[in-house]
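The values are calculated or read from the model by the stated rules, or taken from the named source; none is laboratory data. All of these numbers come straight from a predicted model, not from anything done at the bench. Here the Cβ positions follow ideal geometry from the backbone for every residue, glycine too, while neighbour counts run over all protein chains shown. The protein model used for the area step is the full one, side chains on, heavy atoms only, and it has no ligands, DNA or RNA in it. Shrake-Rupley method; radii C 1.70, N 1.55, O 1.52, S 1.80 Å.
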Amino acid sequence: MRIAIMQPYFLPYISYWQLIHAVDVFIIFDDVNFIKKGFINRNTILVNNKPYRFSLELNYSSQNKKINEIDIINNSKKLIKTVELNYKKSPNFEIIFPILLNIFNQPERNLAKFIGYSLKKISQHLNIKTKFIYSSDIKKSKNLKGQEKIIEICQKSDARSYVNAIDGKKLYDAKIFKKKKIDLYFLETNKVKYNQFEKKFIPNLSILDILMFNEKKNIQSMLKNYQLIKAG
């Protein structure tokens, strides 16, 4: 079985979705410390054809808290209105906007579970069959950190291979994974480009932007547009 382990990101970029698509089980890493000014509760969309950083407003967020110990504040009306005003002329607005409303109107306020719901909902739309598990639901040692914690989760999940984003090369040692009989892979995204409102393409935006401008079959092709590099 092939797995990936990532912190929950809200409406993340295409590389995150490629990682989900590439594995059998995607483990939402919710029992690690929250990182401020990261992509857990923030991402980028187009506003007036320029990159705009939006955020889920959080209740008493702190880097001393685990992600699953933080709740969101209901600021959905502002975000929904921003999306509506700036994407209502996009080709897939009528299909995607109801999905966004469904995500924001869910009763769950826990940050990890709220994002987990959004990942599952969009995966369902894109016909991604990957299974999602929260890391907090896996019994494991509380004393392990970093690579050792990842390896234990792999072992507890009966994983034969672990896939991480290409930036993870500096974090993991393939020899140690090999000793534990786990193959280590890194996913490197190929160039992704598509039509937006303007002729100038703005890359590295939220999956929301991709959904608004691309047919499902085109996004499914994007999900496979990567290199899977085996370490060691």
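Averaged over its residues, the chain has an accessible area of 54 Å² per residue, based on protein heavy atoms and a 1.4 Å probe.
Between LYS178 and ASN105, the modelled label-to-label distance comes to 5.4 nm, taking each label 7 Å out from Cα in the direction of the beta carbon. Which of rounded, prolate, oblate describes segment 1-48, given a ≥ b ≥ c as roots of the alpha-carbon gyration tensor eigenvalues and a/c under 1.5 marking rounded, otherwise prolate only if a/b is larger than b/c? It comes out oblate by the Cα gyration axes.
Using a simple spin-label model with pseudo-atoms 7 Å out from Cα toward Cβ, ASN48 and ASN64 lie 4.0 nm apart. On C-alpha positions alone, give me the angle between the axis of helix 146-156 and the longest principal axis of the chain, in degrees, nearest 10. So the helix axis and the longest Cα principal axis differ by about 80 degrees.
In segment 95-222, Cα pairs under 8 Å separated by at least six residues give a relative contact order of 18 percent. Could you sort out which of LYS113/LYS179; LYS129/LYS170; LYS156/LYS180; LYS66/LYS139 sit more than 22 Å apart by Cα distance in this structure? Cα-Cα > 22 Å for LYS113/LYS179; LYS129/LYS170; rest within. Taking trypsin sites (Lys or Arg not before Pro) across segment 159-232, the ones in a DSSP loop with at most 11 further Cβ atoms lying within 10 angstrom of their Cβ are LYS181, LYS191, LYS193, LYS199, LYS200, LYS224. Net charge around GLN106, counting only other residues with Cβ within less than 12 Å of its Cβ (Lys, Arg = +1; Asp, Glu = -1)? My count for the surroundings of GLN106 gives +3. Taking Lys and Arg as +1 and Asp and Glu as -1, the other residues whose beta-carbon sits under 12 Å from that of THR130 total +3. Taking 0.36 nm per residue of sequence separation and removing the Cα-Cα distance, the ASN190/LYS77 pair yields an extension gain of 37.2 nm. Restricting the chymotrypsin sites (Phe, Trp or Tyr not before Pro) of segment 18-118 to loop positions (DSSP other than H, G, I, E, B) with no more than 10 neighbouring Cβ atoms within 10 Å leaves TYR60. If you look at the Cα atoms of segment 70-182, you get an Rg and a Dmax of 18.7, 54 Å.
Taking every DSSP beta bridge with both residues inside segment 102-232, roughly what % is antiparallel (nearest 5)? Beta bridges within segment 102-232, antiparallel portion: roughly 50 percent.
Quick check on segment 8-149: take the gyration tensor over C-alpha atoms, sort the square-rooted eigenvalues as a ≥ b ≥ c, and tell me if it's rounded (a/c under 1.5), prolate or oblate. Since a/c reaches 1.5 and a/b is larger than b/c, the shape of segment 8-149 is classed as prolate.
Of the trypsin sites (Lys or Arg not before Pro) found in segment 1-90, the ones in coil according to DSSP and having at most 10 other Cβ atoms within 10 Å of their Cβ are LYS37, LYS89. Taking each residue as 0.36 nm, the span from LYS142 to GLU215 lengthens on full extension beyond its C-alpha to C-alpha distance by 21.9 nm. Looking only at segment 1-154, where both bridge partners belong to it, what percent of the DSSP beta bridges are antiparallel (to the nearest 5)? If I count the DSSP bridges inside segment 1-154, around 55 percent turn out antiparallel.
With all protein chains in place and a 1.4 Å probe, the accessible surface of the chain carries 47 percent carbon and sulfur. With each label modelled as a point 7 angstrom along the Cα→C-beta vector, the ILE35-ILE133 pair spans 2.3 nm.
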